[in-house]
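The values are calculated or read from the model by the stated rules, or taken from the named source; none is laboratory data. None of these values were measured; they are calculated from a predicted model. Every residue, glycine among them, receives a Cβ derived from its backbone with ideal geometry; neighbour counts consider all protein chains shown. Just so you know, the surface numbers come from the protein's heavy atoms only, side chains and all, with ligands and any DNA or RNA stripped out. Shrake-Rupley method; radii C 1.70, N 1.55, O 1.52, S 1.80 Å.
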Amino acid sequence: MDSYKDYIRNFSIIAHIDHGKSTLADRILEKTGVVAKRDMKEQYLDNMDLERERGITIKLQTTRLSYKAKDGHEYIFNLIDTPGHVDFNYEVSRSLAACEGAVLVVDSTQGVEAQTLGNVYLALDEDLEILPVLNKIDLPSAHPEEVREEIEDIIGIDAEEAPLVSAKEGTGVDDLLEAIVEKIPAPTGDPNKPLKALIFDSYYDNYKGVVILARIFSGTVKKGDTIRMMNAGTVHEVTEVGTYSPGHVQCGELRAGEVGYICGSIKQVRDARVGDTITLDANRTKEPLKGYKKAQSMVYCGIYPAGTEKYDNVKDALEKLQVNDAAFNFEPETSQALGYGFRCGFLGLLHMEVIVERLEREFDLEVITTAPSVIYKVIKTDGTELMIENPSNLPEMTEIDHVEEPVVKADIMLPNDYVGSIMELCQKRRGKMLDMEYLTETRVCLHYEIPLNEVIYDFFDALKSKTRGYGSLDYEFLRYEPSRLVKLDIMLNKEIVDAFSMIVHESEAYARGRSVCEKLKEVIPMHQFEVPIQACIGQKIIARETVRAYRKDVIAKCYGGDISRKKKLLEKQKEGKKRMRQFGSVEVPQEAFTAVFKYDDSNGK
Amino acid sequence: MGKTFGLYIHIPFCERKCKYCGFLSFDDCGAEDLNAYLKALEAELSMDSRKYQGYTADTVFIGGGTPSLIAAGQISELISIIRDEFDIAEDAEISIEANPNSLTNEKLSAYMDAGINRISIGAQSLDDKVLDTLGRIHDRKCFLSAYNSARDHGFSNINIDLMSGIPGQTMEQWDNTVSEVISLKPEHVSFYSLQLEEGTPFYESYKNGELDMIDTALDTEMYHEAVRAFKDSGYEHYEISNAALPGHECRHNLKYWSLGEYLGAGLGASSYMNCVRYKNEDDIKHYCKAVNGGEIPVDKKSLHNDTEKDSMGIYCFTALRTSAGIDTRRFSELFGKPFFAAYSDKMEAIGKYMAEGSLKTDGGHIMLTENGIDVSNDIMSEFV
């Protein structure tokens, strides 16, 4: 007998950045009539401006589609989109866990990349049926046959029948939709058993409060039920259930095999963490679903109000972001240089950039961010352990027995030609090569152990630059390891600016000190007096640069009454001043805080 | 008499461009170009005068470029056109800028006959080495002779332009130039510190490391030294870079610093009339095309209608260039509210500048101190 479940397909699309995932999703939406072509902004699912601009998907969007297949039946497709960045691996894995299959989009001009592989492994871990698709076949540089072989060689799945698609032009999308019906299994699960549902996303809605996106594995959930989060241990009353297609559409209940949203009286996203299992409080399932873990911050930085920005405005904005992002956390801190601000924790560098950009764009705030840092484990001479998120909090060297730093396992996939320069890069970043794997004749995967601290500064930029964009990186936390680390301080006009302090490996302290001094020299404007910039370890000065003094343009001829020009000049000066931070008598532009940590080809690294 | 304004006329031609000069001027034009330009200028003046009826020009300033480059007859013609088109006040200050090497006796006579009563001579330095560095076309002797000729022709209001902070220039050279200028007793002196302007040979040389700018401390010292010398000799340091014997302040320039109205005619000239600021086209082809098509050659992108807030800011920062500073009483008259009410949010900053000795007050005026001049842009930027 037919079950409603036979006509449901739950799947994700996985792909490397730029391989065309979002464009393909758009075409599917269009073909299934969800979004009229004329109403479409480009890449419908990426609904944050930032995502659209960067061409990456950060936050999951799930959509229920209806597709009339060639067999005459109407199918429900639950398209669970996944974020496309290494920072969000855990979210990806939970999204995948909600599916039976995954459409693997591979750019037929580029081939398989490290991150594609990372996500495929995640999908295989969840026992998903993988449906490969070769995209961008409209481009002259497409070589689908080779890429097909590559998929078979590297990933080890059959790609013989992989549809050839041009998401941009819409060709091959019909074949893909049929393949989804045929290849991806229908969900299973008994709607009459106790409720067991997986939270794979949650977000904050101004009207509904926290909205949970969930996959029901067994049982049924409806309005009025009292649900329990099995890991968090909290209990909430369900106020609404429905599907997103797109836009919230209420329905009576969600049954086993279905995907939809659940609202309850939930105030914070952290009360509905991704990966948690929902059950009914009165009729609990025995075991929660496997794989739950709390998102852990890997990278920290300080965020401070810039210029005349108010502390409370920044605090309000951070709170709002936190409500919507369980992986982001913050607490107040103070800096001698920057005053009152916040120490913020992120999943990774991209996550950090996203939050900072959202502060600036969505909340129109001006903030200064300090150098990103990992968490160091400090073992003091008295045996106590400290976790240090802010380099300036490092205890006196005399109190420290030793310091440990986080080390990650990094998989770097790249064309053969660049292996030498990337090995050199990894070597310089204290990487230990574990293995080099030839995926094909021309593609290599390097496996390294690298201290995370080396990865977060500018590793990714350097990798991209040295491989002309072809290299890709995936990493995961491995362990804490003792290391010879020192605190590098920067002094401006003989005074330490705590916001510039960083922890570096002893062997790199000199090079880093020099490079930071040089970069600061470029970004700090000339003053009326000479400004020495010094890098030091403890009392010892290891690098020095000087910003030359200059005379401001004050006695210049204001010619022929061109006061508008003078006014513009003054406005520029004023704008510049607003973006400056006064340290003693030295003004530092806010770009300085990030500029010094950016990758620069010329710095010889 | 109704409303008054200052009329500025731009002559964008030079015999040779100086190495530091970033102003709008050409040194590769023939007589034909020059004639064509003067014709276009004439057409513009006629359109301007129709637009601004009921105005009286109480100052006229012919600047450049090198206005003394054009022939005596052409200047007479130009002044006569101006007099035909505009109502020129009886006691109007009528200035012309001149380069020593083109200021001939014939031209001086023509100027005098036309009613020009103020000559501004671009000396820059009285030291031949320094003049050579600048790429000036004249030497010391040429300047002295031009200055004396101007006096001989009866000009009783002469300005000398000077420049300090020139690469290779020593304090001694600057001192000598300043004292020699003082001994000539010009009614007015303008003294500027050399600025590197993009697109000039100096700028390129500096960028390529072939030119060393002089030490900042020395540059500052030169400026203050000149201020002291002029003051000691009876000059009033009435504006950041101008000093004059009492009663000889440049009335045209003062309009710029006091929200006075002025109309600029000619290529790239700036105007401020009826609270609107604009510039003329600075591309000579566009300029001529507009004028010949019967249009005032305004660069549309530059048009800006000043709001009251704009005007307040501009009044404050321009007034700070003058020794009288911001006149809080005049401020209230102009804007209908007290200065301290309009800028209540700036009180802290103003107080800070006073405390550090950059600003001072005197009888309802707020002005820069001599030290404050060194950071004047910083202070002025508070008001924009």
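Please give the average number of partner chain Cβ atoms lying within 10 Å of the Cβ of each residue in B:369-378, rounded to a whole number.
Numbers: counts 0, 0, 0, 1, 2, 5, 3, 5, 10, 7.
Average neighbour count from other chains, rounded to a whole number: 3.
Between A:G339, A:G264, A:T277, the Cα set farthest toward the positive side of the dipole of the stretch A:232-388 (charges on each charged residue's Cβ, about the Cα centre) is that of A:T277.
With a 1.4 Å probe and every protein chain kept in, tell me what percent of the accessible surface of chain A is carbon plus sulfur.
46 percent
What number do you get for the protein assembly as shown when its Cα radius of gyration is normalised by 2.2 N^0.38 Å, N = residues?
Details: Rg = 36.9 Å, N = 989, 2.2 N^0.38 = 30.2 Å.
This ratio for the protein assembly as shown stands at 1.22.
If you take the alpha carbon atoms of the stretch B:235-384 and fit the smallest convex hull around them, that volume is 134 Å³ per residue. Across the accessible surface of the stretch B:9-120, with the other protein chains kept in place and a 1.4 Å probe, carbon and sulfur atoms take up 46 percent. Buried accessible surface for the B/A chain pair comes to about 3100 Å², total over both chains, computed with a 1.4 Å probe.
Just the number: Rg to Rh for the stretch A:109-200, Cα atoms, Kirkwood Rh, two decimals. Write down the numbers at each step before the final one.
On the way: Rg = 16.0 Å, Rh = 15.1 Å.
Radius of gyration over Kirkwood radius for the stretch A:109-200 works out to 1.06.
Count the DSSP beta bridges whose two residues both fall in chain A, then state the antiparallel fraction as a percent rounded to the nearest 5.
Working: 111 of 130 bridges.
So the antiparallel bridges in chain A amount to around 85 percent.
Per q in 0.19, 0.22, 0.24 Å⁻¹, report the Debye log10 I(q)/I(0) for the stretch B:183-257, using one uniform scatterer on each alpha carbon and no solvent. Per q value, in the given order, log10 I(q)/I(0) is -0.86, -0.96, -1.03.
For the stretch A:228-371, the equivalent ellipsoid built from the Cα gyration tensor has semi-axes of 36, 17, 13 Å, listed from largest to smallest.
Net charge dipole, chain B: roughly 720 debye, given to the nearest 20, about the Cα centre with Cβ charges of +1 for Lys and Arg and -1 for Asp and Glu.
How many percent of the accessible area of the stretch B:189-269 is carbon or sulfur, using a 1.4 Å probe? Walk me through the numbers before you get to the answer.
On the way: 1430 of 3150 Å².
Here it works out to 45 percent.
Which longest run of chain A has no exposed loop site in it, a site being GluC sites (Glu not before Pro) in a DSSP loop with at most 15 other beta carbons within 10 Å, and the site itself not part of the run? Spell out each step's value before the answer.
Working: sites that count: A:E42, A:E160, A:E161, A:E169, A:E362, A:E396, A:E441, A:E530.
Here the longest segment lacking exposed loop sites spans A:170-361.
The alpha carbon radius of gyration of the stretch A:172-272, expressed as a multiple of 2.2 N^0.38 Å, is 1.17. At the listed q of 0.15, 0.22 Å⁻¹, the Debye profile of the stretch A:402-548, built from one uniform point per Cα, gives log10 I(q)/I(0) equal to -0.83, -1.24. Which of the three applies to the stretch A:412-458, rounded, prolate or oblate, going by the alpha-carbon gyration tensor with a ≥ b ≥ c and a/c under 1.5 meaning rounded? Here the stretch A:412-458 falls in the prolate category. The separation of the stretch B:38-91 from the stretch A:433-500, counted between C-alpha centres, amounts to 69 Å. The value given for the stretch A:445-500 is a Kirkwood hydrodynamic radius of 14.3 Å, derived from the mean inverse Cα-Cα separation. Left without a cysteine partner by the 4.7 Å Cβ rule in chain B: B:C14, B:C29, B:C142, B:C250, B:C275, B:C288, B:C316. Accessible area per residue for the protein assembly as shown, computed on protein heavy atoms with a 1.4 Å probe, is 42 Å². Pairwise alpha-carbon distances in chain B exceed 37 Å for 22% of all pairs. Across chain A, the mean sequence separation of Cα contacts (distance under 8 Å, 6 or more residues apart), normalised by length, yields a relative contact order of 10 percent.
Helix-only estimate, please: 222 nm mean residue ellipticity of chain A, summing -39500 (n - 2.57) across DSSP H runs of length 4 or more and dividing by its residues, to the nearest 500.
-7000 deg cm²/dmol
When only alpha carbons of the stretch A:266-326 are considered, Rg and Dmax amount to 17.2, 55 Å. Across all directions, the shadow cast by the convex hull of the stretch B:288-362 built on its C-alpha atoms averages 7.6 square nanometres. Calculated on the Cα set of the stretch A:367-455, radius of gyration then Dmax: 17.4, 54 Å. Given their separation in residues at 0.36 nm each and the Cα-Cα distance between them, B:C29 and B:E90 gain 18.4 nm when the chain is fully extended.
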